[in-house]
1. Enumerate the residues in the stretch 225-239 having an amide nitrogen under 17 Å from the point lying 7 Å beyond the Cα of Ser197 toward its Cβ.
2. For the pair Tyr142/Ser439, report the inter-label distance in nm, with labels modelled 7 Å from Cα in the Cβ direction.
3. Gain in length, Leu470 to Leu314, computed as 0.36 nm per residue apart minus the alpha-carbon separation, to one decimal in nm?
4. Roughly how many debye, to the nearest 20, is the charge dipole of the stretch 305-456 about its Cα centre, given +1 on each Lys and Arg Cβ, -1 on each Asp and Glu Cβ, and no other charges?
5. Spin-label point model (7 Å from Cα, Cβ direction): what's the Asp272 to Ala346 distance in nm?
6. Rounded to the nearest 0.05, what FRET efficiency do Asp248 and Trp485 have when you use their Cβ-Cβ distance and R0 = 30 Å?
7. Considering the zone a paramagnetic label at Glu189 would reach in this model (a point 7 Å from Cα along the Cα-to-Cβ line), which residues of the stretch 216-242 have amide N under 19 Å from it?
8. Ignoring ligands, DNA and RNA, what percent of the accessible area of the chain is carbon or sulfur (1.4 Å)?
Amino acid sequence: MTQSHAFRVRCAALLGTLLTALSLQAQTTFRNPVIRGDVADPSILRWGDAYYATGTSSEWAPQYPLFRSTDLVNWTQVGHVFNEKPSWTVSSFWAPELFSHDGKVFCYYSARRASDNRSYIGVAVADRPEGPYEDHGPLVTYGSEDIDAFVFDDGGQLYITWKAYGLDQRPVEILCQPLSADGLSLCGEISSIYTDSNYIGSEGQCIFHEGDWYYLLYSSRGCCGPGSDYEVRVARSRTVNGIYEPYDDNPILMRSADFQACGHGTLVTTPDGRRYYLCHSYQRGADFFLGRQPILQELVVGSDEWPHFLTGRLATARQPLPFAGTAQQPVTTFRDDFDGDALNVAWTWNYPFCNVSATLHRGQLLLGGTPCHDVAGAALALRPSSSRYSYETHLTGTSRALAGLTWYGDDRSHIVFGRGDGRLQLFVVRDGQRTEFFSTPCRRDVMLRATVTGGCHLTFAYSLDGRTWLDVPSGAVDGLGIMCWDRVSRPGLYSAATPRHPATFDYFLMEPR
């Protein structure tokens with residue numbers, strides 16, 4: 001390297017450092033959502049100098065993704081609460097709640113019990129937020145459905161609250177009961193602290209205490225799907241387990257030009273005493289198809305002794321930065337060359353597949369599975385973080401079983417573009433009914449690509465040599481109907497192969513466009 005070239009390199013490096021510093025000084029706001037992709041019913045916890053969050057995983061495994069942040073704005077996934085589902089559970093893994101007590105981290109979570117298919121609340125404990133978590137089984141099994149746990153420490157006495165009677169022909173109630181000192185069993189009497197007398201819903205609650213009042217934040221109206229109109233309300237009481245009276249000017253957080261709906265969250269307090277509320281929201285337009293994404297807003301108690309959000313009752317994307325000197329990172333490309341020792345923690349797979357076999361071997365992914373309940377294939381998928389993106393893979397090997405790309409809602413609604421039985425196929429399954437869009441002979445290695453626009457419109461292409469790409473002539477395939485009531489479709493890989501003769505993938509690439 002010449003001296004002049006070395007000088008130019010050093011100058012470029014210094015200029016880059018200066019521009020970064022100027023950018024940090026100039027940035028005073030961030031944009032919601034802070035965690036991109038479908039992570040509903042988020043719970044947040046401060047542990048040391050970091051923050052941790054988790055949320056609903058529903059019918060995707062592993063259960064309850066875990067994220068870490070040092071600034072409340074930029075989050076990195078670090079694992080899951082459960083890498084294998086608890087033995088007492090079967091499905092519907094909703095609304096986990098993180099809680100720290102006596103130097104340990106507790107996760108109170110909702111799931112269906114295998115013995116009767118009813119949703120109840122379990123508890124697991126770890127020495128640190130990233131786990132591992134030891135499950136202690138079901139804790140609240142009070143009625144026909146008990147979900148949405150929240151735990152509050154009132155001067156050393158622990159209380160658990162939950163949503164009850166949601167499946168019964170009566171108003172929903174939020175119930176409260178004392179917990180034992182170790183947080184693992186119920187004790188004392190059950191109190192009904194809030195009744196949904198207007199039949200508009202009350203769930204996803206959390207409690208905080210300031211001055212003479214205990215405040216109950218809760219969510220009302222429709223939580224999920226295209227018609228969601230979720231909103232956040234508040235009530236207050238003089239005692240933690242007393243009757244909470246609602247605010248006359250509810251809701252305190254609601255739909256806006258940025259967000260169609262928002263709700264179900266919990267609070268975290270910064271070291272300097274500020275409160276931030278992390279809840280989920282549906283964005284408007286094409287970004288609706290990214291699902292219920294976590295948004296962050298600062299909460300303050302006003303002179304009227306009622307809580308209000310700092311930027312008003314309309315949920316807005318642009319918010320003041322919690323900490324100066326933070327730069328919000330953009331959506332980035334995801335690439336997996338399968339050359340690590342373990343599967344990337346961002347991957348999820350479909351349930352109720354009994355056994356998804358995803359093995360890394362010499363820079364390749366070997367994917368197969370053992371199905372349950374006539375599920376046709378294993379889907380290994382990611383939460384999309386943009387409404388315009390492409391994803392691709394290289395399918396190799398000699399397996400005759402169908403394998404390739406998927407856009408996956410559940411076992412009855414998905415899109416598959418792949419090779420199987422000596423041909424390249426594109427088909428859509430909606431409500432269990434299969435429609436084929438394309439088929440051509442193919443018995444060799446093939447590169448596959450899907451491009452998503454508008455959140456749910458897919459086009460496909462393939463390449464036999466890695467240079468020339470051929471468009472699938474069917475045109476855009478509408479994925480609008482391939483979503484479930486509480487979750488959106490995910491892009492990823494598909495394999496109907498067995499673990500003994502798996503499908504082989506060389507890489508996976510997903511990038512925003």
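1. Of the residues in the stretch 225-239, 234-238 have backbone N under 17 Å from the label point off Ser197.
2. 5.5
3. Working: separation 156, 0.36 × 156 = 56.16 nm, distance 4.63 nm.
Here the answer is 51.5 nm.
4. Details: 15 positive and 13 negative charges, 88 e Å.
In total the dipole reaches around 420 debye.
5. 3.3
6. On the way: r = 32 Å, r/R0 = 1.08.
Efficiency for this residue pair is about 0.40.
7. Answer for the stretch 216-242: 237-242.
8. Working: 10310 of 21250 Å².
That fraction is 49 percent.
The values are calculated or read from the model by the stated rules, or taken from the named source; none is laboratory data. Since we're looking at a predicted model, the values are computed, not measured. Note that each Cβ is placed from the backbone with ideal geometry, even for glycine, and that neighbours are counted across all protein chains shown. Side chains are part of the model used for accessible areas, which takes the heavy atoms of the whole protein and leaves out ligands, DNA and RNA. Shrake-Rupley method; radii C 1.70, N 1.55, O 1.52, S 1.80 Å.
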